[in-house]
Amino acid sequence: MLEIKKDEIPYDFEVKDRLDFICRYSNRVARFFNGNVISIDRTNLHYVEPHKMYIGNHLFLFFNYKKEVYYQTLENKIDFKDLSKFIKTLD
């Protein structure tokens, strides 16, 4: 039987603080959740689940030590420098 193991990854506070500052600058409140490393015991399969940031019902994904976030999926990349403009367009 497969056993799935989840280990929480603490986020880099420099990245989290920068995202929090951008949200406060845009007059929005953000909620942050740590990502996980998901692995299957007795295999070499691992998945790094990204950290999550919610602004209202909008999901943003981010990784430690990166300068971009992803909106809803990993296909919609937004650089930090453009994030404030994007947040202001949200309902």
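Compute the helix-to-body angle for 13-25: its Cα long axis versus the longest principal axis of the chain, expressed 0 to 90° and rounded to tens. Taking Cα atoms only, the helix is inclined about 30 degrees. Of the residues ARG18, ARG42, the one with the fewest other Cβ atoms within 10 Å heads the list, and the complete ranking is ARG42, ARG18. For ARG31, what charge total do you get from the other residues with a beta carbon under 14 Å from its beta carbon, if Lys and Arg give +1 and Asp and Glu give -1? The answer is +3.
Remark: ILE38, ILE4, ILE87 ranked as ILE4, ILE38, ILE87, counting other beta-carbon atoms within 10 Å and listing the fewest first. Other residues with beta-carbon under 12 Å from the beta-carbon of PHE86 carry, at +1 per Lys or Arg and -1 per Asp or Glu, a net charge of +2.
Considering only alpha-carbon pairs that sit under 8 angstrom and 6 or more positions apart, the relative contact order computed for the chain is 24 percent. Note on the chain: with a GNM built from Cα contacts shorter than 10 Å, the maximum mean-square fluctuation among GLU75, GLU14, GLU49 falls on GLU75.
The stretch 1-28 and the stretch 41-91 have Cα centres spaced 9 Å apart.
Each value in this text was obtained by applying a stated rule to the coordinates, not by laboratory testing. Note that the structure is a prediction, hence the values are computed from the model and not measured. FYI the Cβ positions are ideal-geometry reconstructions off the backbone, even for glycines, and counts take in every protein chain you see.
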